[in-house]
Amino acid sequence: MNERIEKYIVGELGADEQKLFLQHVQTDQSLREELIDAINTCAVVGLATHAKDAENARQSLRKLKKMVGPKQAPWVGWMGYALAVCVGIVATLLLTHERQTIDYTQCYQEFRAPAGQRAQLTLPDGTVVWLNANTTVSYPQVFAENERHIKLNGEAFFDVAHNKQQPFVVETSTQQVRVLGTKFNVFDYNDNKQFTVALIDGSVELLDKTGEKRLTALKPWERVDIIDGKATRSQFTNDDFLQWKQGIYSFDNWRFGDIVGKLELYYDVRIVMKSEALKNFMVNGKFRQRDGIESVLRNIQKIYPMKYTKDSETNIITLYDVSKK
């Protein structure tokens, strides 16, 4: 594969390099055809991220590699998946061979960390993003002049490159967070009832979904939690909850029912609890992400009498309280 195509697919070309590359694509038919093949292959690989678990996704990728050959997709890795999508613009340009002015701010890159894994990427402006399990970010190949706008579904930690003229905006399904240059964590999985933003350094503004209404501003070591539409603001001194970046899930005096809610999101499973007492059991502990959800449950069994069953076909885990009444 052409080296520039590989770098373009995974988002490693700078803004000027991207423009020069796409201009070259317009005049070089063989390069254009190779890019189209690469984008199509990348789109197929993206389908593997929706598999029920990592092993199914790996099997899908093995089949894909056999079909396209080992040299076709050397840029595919299992710490995350990147998909270059130039909706209605670059694709149309490539297929019709028309020479037009390309709006690079509409060429989007999507990056996903699969269930049970985490990933890290660097955005075109130099911002570093850590993605927790089952998280997706979407961002343009080239940021607009007045704003760096990305979309998030899941949990991510941002170390934003400072640019006073170009605010950085994180849009989720419920809120927007606007900053200039700072370090903060955002938690907001689609269809989940919780939104959290926690600030480590700098300052952030919390806006409504439209981005037009300013709700509040945070100072370092402050967080805002919005659960079922109710917002609470608090300070924190312990940042163990951010250890997920190192592959550690840390729970300091958490209800087991709340921990289960997190595990469902991180490992893309459904967990049914058959006991209220089990839900309210308080847990202190740290668990390695790579060990998997059943390792977490086995460790809980050491401190609370419970058992569990797993239905692989439905991807449902059921928890039972076996303590003496």
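Computed values, structure above
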quantity: Packing-based ranking, highest mean first, of 144-151, 175-182 given that Cβ atoms within 10 Å are counted; calculated: 175-182, 144-151
quantity: The range 180-239: relative contact order in percent, alpha carbon pairs under 8 Å with at least 6 residues between; calculated: 27
quantity: Shape of the range 262-325, Cα gyration tensor, a/c cut at 1.5; calculated: oblate
quantity: Amide H contacts under 5 Å for M273, placed H, 5+ residues apart; calculated: L319
quantity: Fraction in percent of alpha-carbon pairs per bin - 10 Å, the range 118-219; calculated: 16, 54, 28, 1
quantity: Ordering of 124-134, 268-278 by packing [mean C-beta count within 10 Å, highest first]; calculated: 124-134, 268-278
quantity: Protection proxy ranking of 193-200, 111-118 - average other beta-carbon atoms within 10 Å, highest first; calculated: 111-118, 193-200
quantity: When the convex hull of its Cα atoms is projected in every direction, mean area for the range 150-273 (nm²); calculated: 8.0
quantity: Three-way shape call for the range 222-311 based on the alpha-carbon gyration tensor, with the a/c threshold at 1.5; calculated: prolate
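FYI, it's all coordinate maths here, none of it is from the lab. Everything numeric here is computed off the predicted structure, so don't read it as measured data. Quick reminder, even Gly has a Cβ in these numbers, built from the backbone with ideal geometry, and neighbours come from all protein chains shown.
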